[in-house]
1. Looking at the chain, do any whole DSSP H helices span at least 24 angstrom along their long axis by alpha carbon and average 1.6 or above on Kyte-Doolittle, and which?
2. If I take all pairs of Cα atoms in the chain, what percentage of them are more than 20 Å from each other?
3. Mind checking the full-extension length gain between Cys72 and Arg141? Use 0.36 nm per residue of separation minus the Cα-Cα distance, one decimal, nm.
4. Determine, from the Cβ-Cβ distance of Leu153 and Leu86 and an R0 of 41 Å, the FRET efficiency 1/(1 + (r/R0)^6), rounded to the nearest 0.05.
5. Could you put His3, His112 in order, starting from the residue whose Cβ has the fewest other Cβ atoms within 10 Å?
Amino acid sequence: MNHYLTFLVFALLIALAPGPDTFITLRVTVAGGRHRGLWTVAGIIAANVVLGVLAATGLGAVITNAHTVFLCLRIVGVVYLAWLGLQAVVGALRGGGDGWQAAGSGRLAPHHAMRQGFISTFTNPKALAFYLAVLPPFVGRHPSLGTLMAYALTLAVLGAIYLVTVALVADKAMSLIKQDKVRRWIDGVVGMIMLGFAGALALDE
């Protein structure tokens with residue numbers, strides 16, 4: 001229990017650190033509203049659960065040690081993050097409210113939002129590597145599958161609580177911001193940050 005409480009504090013700090021998941025949730029919420037933002041979070045949660053199960057069952061170690069698979073995940077993750085970032089920047093540069101609406105809520109269906117969240121998280125090789133690096137120091141040498149699952153799913157649950165909060169706060173803020181120019185500026189900044197994450201993932205060895 002002491003180990004788990006320590007892990008809980010550590011996982012909470014990790015969950016609060018902004019990453020691609022945070023900015024994808026923020027961008028979709030800004031562009032499409034709370035409903036689509038929460039669907040994006042649902043996709044991210046599903047991806048984190050799958051990654052946690054892979055890590056807990058040992059398949060994650062096999063995947064990360066398979067260079068070709070890991071490289072493919074990395075390439076797909078870079079391309080997808082860059083694509084989402086470019087979409088946000090292009091949408092922000094379009095003049096007028098109609099252009100912003102077309103780039104955001106007018107086009108992004110709930111299942112597309114969920115797919116964005118899932119793909120962006122699942123194709124990020126650092127996410128799987130993170131699960132494999134964080135769990136072993138806390139669970140001991142010969143943990144049961146149930147113990148591994150409990151720790152892995154704790155990360156997913158804390159991340160879900162944080163991202164739901166981000167979506168709700170962003171939606172509330174957007175309801176107070178009436179100027180389309182400010183909304184598009186936010187969308188553009190988030191898009192640039194996402195492009196930065198894509199570049200960092202591409203250059204990281």
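Every number here is computed from the coordinates shown, using simple stated rules; none is lab data. This one's a predicted model, so the numbers in the text were calculated from it and none came from an experiment. With ideal geometry, Cβ positions are generated from the backbone for all residues, glycine too; neighbour counts draw on all protein chains shown.
1. Values: long enough: 34-57 (34 Å, 1.12); 67-93 (39 Å, 1.77); 145-176 (47 Å, 1.70); 180-203 (35 Å, 0.94).
Qualifying helices, which must be both long enough and hydrophobic enough, are 67-93, 145-176.
2. Details: 11880 of 20910 pairs.
Cα-Cα pairs in the chain separated by more than 20 Å: 57 percent.
3. 21.8 nm
4. On the way: r = 34 Å, r/R0 = 0.82.
With R0 = 41 Å, the Cβ-Cβ based efficiency is 0.75.
5. Working: His3 13, His112 16.
Going from least to most buried by this count: His3, His112.
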